[in-house]
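Inspection log for the structure reproduced underneath, given as structure tokens.
The values are calculated or read from the model by the stated rules, or taken from the named source; none is laboratory data. What you are looking at is a predicted structure, and each value in this text was computed from that prediction instead of being measured. Cβ: placed from backbone, ideal geometry, glycine included. Neighbour counts: every protein chain shown. Just the protein is used for accessible areas: all its heavy atoms, side chains included, with ligands, DNA and RNA removed. Shrake-Rupley method; radii C 1.70, N 1.55, O 1.52, S 1.80 Å.
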Amino acid sequence: MQTLDAPRLLPHEVADIPPAIDARAVLDQLHPLQVPPVPAWSPQAPGWTVLAAVALTALAVLAWRTFRRWRTGRHRRAALAELQRLRASMRDPALRLAAARQIPVLVRRLALAHAPRAEVAALHGAAWHAWLDRSLGDPARPFSSGVGLGEVLGDWAYRPAETLPWELLEPSLDLVERWIRTHRVEHDASGPGRRG
């Protein structure tokens, strides 16, 4: 049986072994660890800066347009709230006539809020109904056609209570609500106006 013995060193190899090394002295000769710098928060490439500027500009424009649309819609929101208040008042027989007489006034006030006064204030009768149809954009022309809702709308303010067509009140209110929600006012080139 063979045993493995430790390698034997020759005399000249023994001279090459350094004396015992002091580990502490070797560690003291090492340089301290180099910690890398903290990465910057800003992007390093200019393309990222440009992209961030474009994105921030787009967000600012979107926020501004949303704010303007919300601010422009305040007249519609107020008119819808007023219409709901009038509908609630019409449930009371004592307030029904007074509430019904306020419907044409509400439509006129909203039209004046969205269109130039010179364009809307003097309109009455068929011209007023045609303007309402144009602003609604409905090809059926519910205000000026033979349906009669336009004429009924104007009647609520002046006709005696006993001659008012109460059966057409609810369809008239539905039409007014649709007009409040969806009307668009187009202006001619003669002067500045507000879009509604």
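Scanning region 99-125 for residues that are among the small types (Gly, Ala, Ser) and crowded, with 16+ Cβ neighbours inside 10 Å turns up 99, 100, 111, 113, 115.
State all residues of region 95-129 that are farther than 20 Å from residue 158 by Cβ, in contact with a helix residue (DSSP H, G or I) (Cβ under 9 Å, 6 or more places away or on another chain), small (Gly, Ala, Ser) and assigned to a helix (DSSP H, G or I); if no residue qualifies, say none. Matches in region 95-129: 113 only. Return yes when residue 164 is open to solvent by less than 60 Å² (accessible area, probe 1.4 Å), touching a Lys or Arg at 6+ places or on another chain (Cβ under 8 Å) and touching a residue at least 24 places away in the same chain (Cβ under 8 Å) and no when it is not. No, not satisfied. Annotation: residue 63 fulfils all but one of (1) open to solvent by less than 70 Å² (accessible area, probe 1.4 Å); (2) modelled with pLDDT under 90; the unmet one is (2). Just checking, how many residues over region 66-104 are closer than 14 Å to residue 172 by Cβ and in contact (Cβ under 8 Å) with a residue 12 or more places away in the chain? Going through region 66-104 one residue at a time, the tally reaches 10.
Filtered by the rule that a residue be open to solvent by 80 Å² or more (accessible area, probe 1.4 Å) and at pLDDT 90 or above, region 80-93 gives 84, 85. State all residues of region 140-149 that are touching a helix residue (DSSP H, G or I) at 6+ places or on another chain (Cβ under 9 Å) and either assigned to a loop (DSSP other than H, G, I, E, B) or closer than 15 Å to residue 182 by Cβ (or both); if no residue qualifies, say none. Within region 140-149, 140, 141, 142, 143, 144, 145, 147, 148 qualify. Of a type in the set (Phe, Trp, Tyr) and open to solvent by 50 Å² or more (accessible area, probe 1.4 Å), is that true of residue 128? Considered against the rule, which asks whether it is of a type in the set (Phe, Trp, Tyr) and open to solvent by 50 Å² or more (accessible area, probe 1.4 Å), residue 128 comes out as no. The conditions of being within 20 Å of residue 177 (Cβ to Cβ), in contact (Cβ under 8 Å) with a residue 12 or more places away in the chain and surrounded by 18 or more Cβ atoms within 10 Å (Cβ to Cβ) are not met by residue 157.
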